[in-house]
Amino acid sequence: MGVLTLNVEDTSTLPPEKLFKLFVLQFDTLLPKVLPQVVKNVELISGDGGPGSIKKFNFVEGADWKYFKHRVDALDKENKIYNYTAIEGEGDANIPTIDHVSYESKVVGTPDGGSKSTVVIKFYPKPGAEIKEEQVKGGLEKEKGIFKALEAYALANPNAV
């Protein structure tokens, strides 16, 4: 009945500055554009986009989620660090035991000029509940699909990012 911690890594041919811009600084506007069949829009509920801000991701009818909200915990453009916590949502009946999820992400350069994104994801259970890795695998695969879709968009539209 503890916190489930997973480490996720993705690599890209995009340089670190571009990958960080794509997945952090332009994510809210690009996500509905790149995946309109899934994401309706992203709203800034409070704040200016920096630490303490709350964002609401709204999904299209028929998606696994109706919406979810996340709070920006840290945004360090220089070191390419972005931390946030998923604090509320409606949807995906496969994870009723999860209270909230924190993400600690960092983008670093690779020797070939590309980049590597590392994310430490911590799933916090509701009181008395247990979270098993099998419960969250589907969501992790969807997140990997989002990564690949946004990367493909950036590669196909180099001036857009």
Grab the strands (runs of 3 or more DSSP E) fully contained in segment 60-161, keeping just those with 3 or more residues being touching a residue at least 40 places away in the same chain (Cβ under 8 Å).
98-109, 115-125
Considering each of LYS77, LYS21, LYS40 in turn, give the residue that is more than 21 Å from VAL136 (Cα to Cα) and either buried (at least 19 other Cβ atoms within 10 Å of the Cβ) or at pLDDT below 95 (or both).
LYS21
Residues (of a type in the set (D, E, K, R) and not in a helix (DSSP H, G or I)) located in segment 18-40
LYS40
For TYR84, the lone unmet condition from (1) modelled with pLDDT of 95 or more; (2) farther than 16 Å from LEU6 by Cβ; (3) aromatic (Phe, Trp, Tyr) is (2)
Which residues, counting only those in segment 98-121, are under 22 Å from LYS18 (Cβ atoms) and surrounded by 17 or more Cβ atoms within 10 Å (Cβ to Cβ)?
TYR103, GLU104, SER105, LYS106, VAL107, SER115, SER117, VAL119
Has segment 145-157 got at least one residue that is under 25 Å from VAL3 (Cα atoms) and buried (at least 16 other Cβ atoms within 10 Å of the Cβ)?
yes
So VAL8 ticks every box in (1) of a type outside the set (Ser, Thr, Tyr); (2) touching a residue at least 60 places away in the same chain (Cβ under 8 Å); (3) part of a helix (DSSP H, G or I) but one. Which box is left unticked?
(3)
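The values are calculated or read from the model by the stated rules, or taken from the named source; none is laboratory data. Here the structure is a predicted model, which means the values were calculated and not measured. A quick note on method: Cβ atoms are made from the backbone with ideal geometry, for glycine too, and the neighbour counts reach across all protein chains shown.
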